[in-house]
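Remarks on the structure that follows.
The values are calculated or read from the model by the stated rules, or taken from the named source; none is laboratory data. This one's a predicted model, so the numbers in the text were calculated from it and none came from an experiment. Glycine also receives a Cβ, built like all others from the backbone with ideal geometry; neighbour counts cover every protein chain displayed. Side chains included, ligands, DNA and RNA excluded: accessible areas come from the protein's heavy atoms. Shrake-Rupley method; radii C 1.70, N 1.55, O 1.52, S 1.80 Å.
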Amino acid sequence: MLFSKLLIPTLKEAPQEAEIVSHKLMLRAGMIRKVASGVYTWLPLGLKVLRKVEGEVRTAMNNAGAQEVLMPMVQPKELWNETNRWEKMGKELLRFRDRHDRDFCLGPTHEEVITDLIRNNVRSYKELPINAYQIQTKFRDEIRPRYGVMRSREFIMKDAYSFSVNEKCLDESYINMRNAYKQILQNIGLDFKIVKADSGAIGGDASEEFHVLAENGEDTIAISTNSEFAINTELLLEEGEDIKSLEGKDSPDGKGIMQIKKGIEVGHIFKLGQVYSNDMNASVQSQEGRSSTLYMGCYGIGVSRIVAAAIEQNNDEKGIVWPVSIAPFDVNIIAIGFDKNEKVANAATDLYEKLSNQGYDVILDDRKAGFGAKIKDSELIGIPMNIIIGKLYVEKNEIEMRTRDGQISLVQIDDLEVIFNHFK
RNA sequence: CGGGGUAUAGCGCAGUCUGGUAGCGCACUCGCUUUGGGAGCGAGUGGUCGUAAGUUCGAAUCUUACUACCCCGACCA
């Protein structure tokens, strides 16, 4: 793609509305723009990252045997009445009426809709387990939207729902999703912890949260230095624990000592058991020929929140430092004097095509701007690799390869193998 | 909803106390010169000062009401 043709309105200064680093950088890099409080437009650059995160999630879900569906954002009151949640939910459930005066809401989650689908279309235990997921826009009328896309009212979530005949099978589905979530965050390249959590309003037996560790995290978690043990301090507070005195104590599992960290909750998995399937009469015929109420699990990942969390964890004074897996582009070819110097333009275009043909996601900065402006933008946007074609090339056929973290090497432009090797 | 704050050009800000008809930097447009760390010179464009009402000869500035947005708390992917 040509930089000059893409809408990438970068800013030198962060708008006053932004408080935390990820929000500032997303605005400055031209990834998002606010439409209303907690409601954002994703511009081309932001959308590219969002799509890459979606891709990582989708791949891992499919590999785990889940199947993709797409449910409506608009849901009828009748379904929510079945679980009594129309009454139970507060104002975060945005309700409205259609022209026939029928009540609807914007879906903050989809237990009712998916359970309705399964109960109407699955008859036998032989068809189970089923795990259906979607990647979709959710709306929660949050009391206080905050920090840009980190806690917005409208956001993209991957939500998966598993249906099993018995508790043991639910456990298997749960572990399966737990592993898939680990895989997703590892593949993206984020530092995270799995944390025991309060199962909260959604209800059910057990739940764990996936937290990306970052200083601006909204949650406080207690983790062990030497094991997987981690717990949300909200749970400890309920038990009357004094959080501050925990730091430095032995971990309850005997391995390592406790540390208090800040985390961003990007995923949450629940064993729901039969809460919703009881309310909604979701059952199948069991092996014994009797009606058997389904066991459910639900598994959420905040796709748009991961974008913000990744920035929160990976940035420096110059801008964003994307993990390669979700960077908007793999390479930026910075062509200095593209509009004036034919030799530069030809070489840049030629290299652009060669790299694209190799399957790299490449952008060519063909703008009429100086080196300083171009490299600053590239650093702000966080593209992992820059290839600079300028004076050195004109004089000595050399191009400069420069990573986002500042490692520089000079390469002959015809040395394609050497160039490609830099991407490994 | 409770507490705190902000609102002047696309972004960052000054002007408000002490009323006199709006300014700076960046960005943007045109021209020429530039092109390896956000280029220079020259000439320009852009604002019913958040909205409404009031006080006044006169309001960005004073008064009142409203709205939007941000921050701290309860909610959550």
Task: Table column - 3J(HN,Hα) (Hz), the range A:85-97, Karplus curve with 6.51, -1.76, 1.60, x for Gly and Pro - done: 7, 4, 7, 5, 5, x, 6, 5, 7, 7, 9, 7, 10
Task: Estimated FRET transfer efficiency when R0 is 25 angstrom, pair A:Q259-A:E238 (beta carbons, to 0.05) - done: 0.75
Open item on the list: So if each residue of separation counts as 0.36 nm, and I subtract the Cα-Cα distance between A:H100 and A:D279, what length gain in nm does that give?
Closed with: 61.7 nm
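Using only DSSP helix segments of four residues or longer, with each worth -39500 (n - 2.57), what per-residue ellipticity at 222 nm results for chain A after dividing by its residue count and rounding to 500?
-9000 deg cm²/dmol
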Task: Accessible surface of the range A:108-156 [probe 1.4 Å, protein heavy atoms]: carbon and sulfur percent - done: 44
Open item on the list: Antiparallel versus total DSSP beta bridges in chain A: what percent is that, nearest 5?
Closed with: 85
TODO: Could you check how much of the accessible area of the range A:329-421 is carbon and sulfur, as a whole percent, using a 1.4 Å probe?
DONE: 47
Open item on the list: Rounded to whole Å, give me the distance from the Cα center of the range A:98-152 to that of the range A:1-61.
Closed with: 25
Task: Computed lengthening from A:V418 to A:N187, 0.36 nm per intervening residue step minus Cα-Cα distance - done: 80.6 nm
- [ ] Place +1 on the Cβ of every Lys and Arg and -1 on the Cβ of every Asp and Glu in chain A, take the dipole about the Cα centre, and give the residue among A:I20, A:S286, A:L185 whose Cα lies farthest towards its positive end.
- [x] A:I20
Open item on the list: Run through the range A:3-111 and list the trypsin sites (Lys or Arg not before Pro) located in a DSSP loop whose Cβ has at most 16 other Cβ atoms within 10 Å.
Closed with: A:K12, A:K91, A:R99, A:R102
TODO: Mind jotting down the distance between the C-alpha centroids of the range A:303-335 and the range A:380-410, whole Å?
DONE: 18
Task: Net length gained if the chain between A:E13 and A:N397 were fully extended (0.36 nm per residue, minus Cα distance) - done: 134.6 nm
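To the nearest 20 Debye, how big is the dipole of chain A about its Cα centre, given +1 on the beta carbon of each Lys and Arg and -1 on that of each Asp and Glu? Please list the in-between numbers first.
Details: 54 positive and 64 negative charges, 221 e Å.
So the magnitude is around 1060 debye.
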Task: Listed residues A:V49, A:V321 arranged by accessible area, highest first, probe 1.4 Å - done: A:V321, A:V49
- [ ] Estimate the FRET efficiency between A:E87 and A:D316 by the formula 1/(1 + (r/R0)^6), using the beta-carbon distance for r and 60 Å for R0, to the nearest 0.05.
- [x] 0.75
Task: Compactness of the range A:280-338, expressed as Rg and Dmax over alpha-carbon positions, Å - done: 24.1, 77
Open item on the list: Bins of 10 Å, beginning at zero and ending with the bin holding the largest distance: percent of Cα pairs per bin for the range A:329-421, please.
Closed with: 17, 57, 26, 0
Open item on the list: Can you bin every Cα-Cα distance in chain A into 10 Å intervals starting at zero and give me the percent of pairs per bin, rounded to whole numbers?
Closed with: 4, 19, 25, 23, 16, 9, 3, 0, 0
Task: Sites A:N62 and A:K126, calculated FRET efficiency, Cβ-Cβ separation with R0 30 Å, nearest 0.05 - done: 0.85
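Restricting things to alpha carbons, find the Rg to Rh ratio for the range A:97-217 using the Kirkwood radius for Rh.
Expressed as Rg/Rh, it is 1.00.
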Task: Restraint check, A:K354/A:K391; A:K158/A:K424; A:K182/A:K376; A:K52/A:K182, Cα-Cα greater than 28 Å - done: A:K158/A:K424; A:K182/A:K376
Open item on the list: Under a Cβ-only charge scheme (Lys and Arg +1, Asp and Glu -1), can you give me the dipole magnitude of the range A:1-113 about the Cα centre, in debye to the nearest 20?
Closed with: 620
- [ ] Over the range A:292-372, average the accessible area per residue using a 1.4 Å probe and give it in Å², no decimals.
- [x] 36
Open item on the list: Probe radius 1.4 Å, ligands and nucleic acids ignored: give me the carbon and sulfur share of the accessible area of the range A:244-284 as a rounded percent.
Closed with: 44
Task: Mean accessible surface per residue for the range A:102-238, computed with a 1.4 Å probe while every protein chain stays in place, in Å² - done: 40
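Return a whole-number percent for the relative contact order of the range A:142-260, with Cα pairs under 8 Å and 6 or more residues apart as the contact set.
Relative contact order here is 16 percent.
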Open item on the list: Give me a comma-separated list of calculated 3J(HN,Hα) values for the range A:149-160, in order, Karplus coefficients 6.51, -1.76, 1.60 applied at θ = phi - 60°, integers in Hz, x for any Gly or Pro.
Closed with: 7, 5, 9, 9, 7, 9, 8, 9, 10, 9, 10, 10
TODO: Compute the projected area of the convex hull of the Cα atoms of the range A:78-137, averaged over all viewing directions, and report it in nm² to one decimal place.
DONE: 5.4
Open item on the list: Based on C-alpha coordinates, I'd like the Rg and Dmax of the range A:245-398, in Å.
Closed with: 26.6, 82
- [ ] Could you give me the radius of gyration and the Dmax of the range A:182-287, taking only the C-alpha atoms into account and expressing both in angstrom?
- [x] 16.4, 53
Task: Extent along principal axes [Cα atoms of the range A:1-98; Å; largest to smallest] - done: 52, 38, 27
